[in-house]
Amino acid sequence: MNNTMPDPAKPIGDVTIVQDFLPPVNELIPRGQTVTVTMEFTQESIEFFKREAQRRNSSYQDIIRSLVDAYVAQGKIS
C-alpha cells in the first residue's frame, strides 16, 4: 500500500488565491426580512454553529443566516 504524503513545498498545480471575504463568527448579526426554508446540514456543521452560538449567547440559525447573507453580499460586489 502506498501511503505517502505529498511534499508541501512542491507546487500543487494551477490555483487561484482569493481574499477571505467572510466575516468572523462574532460579527455575524441577523438583519432584514426573512423567509423560512428547509435545508440539510452535516451533523458536524450544526454542532459547530451551536457551540459558537452558545459562546456568543445567540442562536445557531441566526449565525447561519448571517453567514449566507455575507456570501450573497460578496457575490453582489463581484
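Label sites at residue 50 and residue 35, each approximated as a point 7 angstrom past Cα along Cα to Cβ, lie 2.8 nm apart. With the helix formula -39500 (n - 2.57) applied to DSSP H stretches of n ≥ 4, the chain reaches a computed 222 nm mean residue ellipticity of -13000 deg cm²/dmol.
Taking the number of Cβ atoms within 10 Å of each Cβ as an exposure proxy, the fewest-first ranking of 25, 68 is 68, 25.
Read the figures in this text as sums done on the coordinates, not as results from a lab. Please read all numbers here as calculations on a predicted model, not as lab measurements. Please note: Cβ atoms are built from the backbone with ideal geometry, for glycine as well, and neighbour counts cover all protein chains shown.
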